[in-house]
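Colleague: Dumping the structure here so I can ask a few things about it.
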Amino acid sequence: MALPARWSKNAEVTDSTGEVMEIQMGPSHPASHGTIKFNLKLDGERIIDCDVEIGYLHRGFEKMCEQGTWTQCFPYTDRLNYASPCINNVGFALAVERLLGVTAPERCQYARVIMSEVHRLADHLTCLGMAAGEVGAQSVMFYTMEAREFLYDLVEAGTGARLTVSWCRAGGIARDLPADLGARIALAFSHLDGILSDCDKLLSRNRVFIDRMADIGVMAADEAISYGLSGPLLRAAGVAYDVRKAHPYLVYDRFEFEVPTGNKGDNYDRFNVRFQEMYQSKRIIEQAMRTLPEGPIALDDPRIVLPPKDRVYNSIEGLMNHFKLIIEGIKVPAGEVYQAVEGANGELGFYVVSDGSGRPYRVRVRPPCFFGMGALSRMLVGHMIADIVATFGMINMIGGECDR
């Protein structure tokens, strides 16, 4: 006998005289990102059941990667989490480099760390600004968007683009950091410090904000682990798991930084963990800039790295090298690997399989947002309709990651 569907289970009503309403919220709701739908069962305004549908963007990231060459996959990774694309670039590059059995030059590794942390700052500012705005703190939203613009100026200076950077390559990066990046970072951080201080004053002792966030969406540590949560969602529950500490990659083991954690695992802790992580990202960037070594930014291997444009345009050898890498792709040895990095939302992992050709045989991504959305229903049951948007905002769902 087939088990009954989850939706057919009888809902328990707190008031025996009350009426259970079934309401669909989204995907046309302005806070549902265009694809998310909440199938709600309500007792008055209290949620007694919630079935979350993530919907479809129809991007097909993994299958698109399997149709292109290894180098052509990097622009696709930008679209996974467009708020912090460099971290996606780095994760895929490290997976390919492990299959190749190579390590990028030291200056390249430092540059990847610096740009990844700049993007982590921008991602957290986006999340916290939107979350604050959704509970009525519009001023904070405008302040964080202003701060993000200073960081995007750094991204543009370092990578040549502001949003979808496509900056990393297997074995290196596309362009070196500018000579004046240190001065640019100092100026941006001076503005950022003032803005973060203002946001702290506006929110940390704001009774309305605290009442909207505290004790909402509570999830204990063991439950968060069972749902596969990572990043700020897991650390808010008191588990100090960070891929940069647990499984160091690039040169993260050379820097001193802390892993902020919460106590209750509620929305207020999630907000504070992300807020404190921004200060730790600043620490990492400042340490990396002080010790940034000189040297090449990519491997000197024509089988892996595209030749410089001047060689392509001025020598037949450079032109042929470029042509073969673009048309045939890098010949990555057969094998499989799983490479995880610490994304802004948690553990971002790439499982990559090579059959020895110039194209990936299989690509799978472990998106941290996907697991957060799986736990969202558990966070919402028992709370009010007004708590949906605030809790959903703390998941920081990015549709490009969640799309299957």
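The values are calculated or read from the model by the stated rules, or taken from the named source; none is laboratory data. Worth saying up front: this structure is predicted, and the values here are computed from it rather than measured. Cβ: placed from backbone, ideal geometry, glycine included. Neighbour counts: every protein chain shown.
Colleague: Among the residues of the stretch 294-311, count how many are exposed (fewer than 12 other Cβ atoms within 10 Å of the Cβ) and either in a loop (DSSP other than H, G, I, E, B) or touching a residue at least 12 places away in the same chain (Cβ under 8 Å) (or both).
Modeller: Looking only at that region, the number is 3.
Colleague: Name the residue that is farthest from G172 (Cα to Cα), counting only residues in the stretch 232-259 that are of a type in the set (D, E, K, R) and part of a helix (DSSP H, G or I).
Modeller: Among them, the one singled out is R235.
Colleague: Moving on to the next point. Give the residue, chosen from T159, T164, T144, that is β-branched (V, I, T), closer than 20 Å to G393 by Cβ and within 19 Å of the chain's Cα centre (by Cα).
Modeller: Of the residues listed, the single one that is β-branched (V, I, T), closer than 20 Å to G393 by Cβ and within 19 Å of the chain's Cα centre (by Cα) is T144.
Colleague: Residue pairs, Cβ under 6 Å, 6 or more apart or interchain, first in the stretch 69-94 and not assigned by TED's automatic domain parsing to the domain that holds V352, second of a type in the set (D, E) and surrounded by 23 or more Cβ atoms within 10 Å (Cβ to Cβ). List them.
Modeller: That search, which allows pairs on different chains as well, returns nothing.
Colleague: Moving on. Just to check your reading of the model, which residue among I195, I185 is within 29 Å of P75 (Cβ to Cβ) and at pLDDT 95 or above?
Modeller: I185
Colleague: Between Y249, Y279, which is in contact with a strand residue (DSSP E or B) (Cβ under 7 Å, 6 or more places away or on another chain) and either assigned by TED's automatic domain parsing to the domain that holds Y110 or not β-branched (V, I, T) (or both)?
Modeller: Y249
Colleague: Moving on. Pairs under 6 Å by beta carbon, first residue under 10 Å from T69 (Cα atoms) in the stretch 320-333, partner among the aromatic types (F, W, Y) and surrounded by 15 or more Cβ atoms within 10 Å (Cβ to Cβ), six or more apart or different chains?
Modeller: G329/W70; I330/W70
Colleague: Considering only the stretch 376-389, state which residues are aliphatic (A, V, I, L, M) and in contact with a Gly (Cβ under 8 Å, 6 or more places away or on another chain).
Modeller: M379, L380
Colleague: Here is a list: H58, H29. Which entry is in a loop (DSSP other than H, G, I, E, B), surrounded by fewer than 22 Cβ atoms within 10 Å (Cβ to Cβ) and in contact (Cβ under 8 Å) with a residue 24 or more places away in the chain?
Modeller: Values: H29 fails: in contact (Cβ under 8 Å) with a residue 24 or more places away in the chain.
Just a single option satisfies the conditions, and that option is H58.
Colleague: Being within 19 Å of the chain's Cα centre (by Cα) and crowded, with 22+ Cβ neighbours inside 10 Å is true for just one of A131, A170. Which residue is that?
Modeller: Only one candidate qualifies: A131.
Colleague: While we're looking at this one, here's another question. Regarding S139, is this residue among the small types (G, A, S) and under 14 Å from G343 (Cβ atoms)?
Modeller: no
Colleague: Touching a Pro at 6+ places or on another chain (Cβ under 9 Å), in contact (Cβ under 8 Å) with a residue 24 or more places away in the chain and either among the aliphatic types (A, V, I, L, M) or closer than 25 Å to I388 by Cβ (or both): does that describe C127?
Modeller: yes
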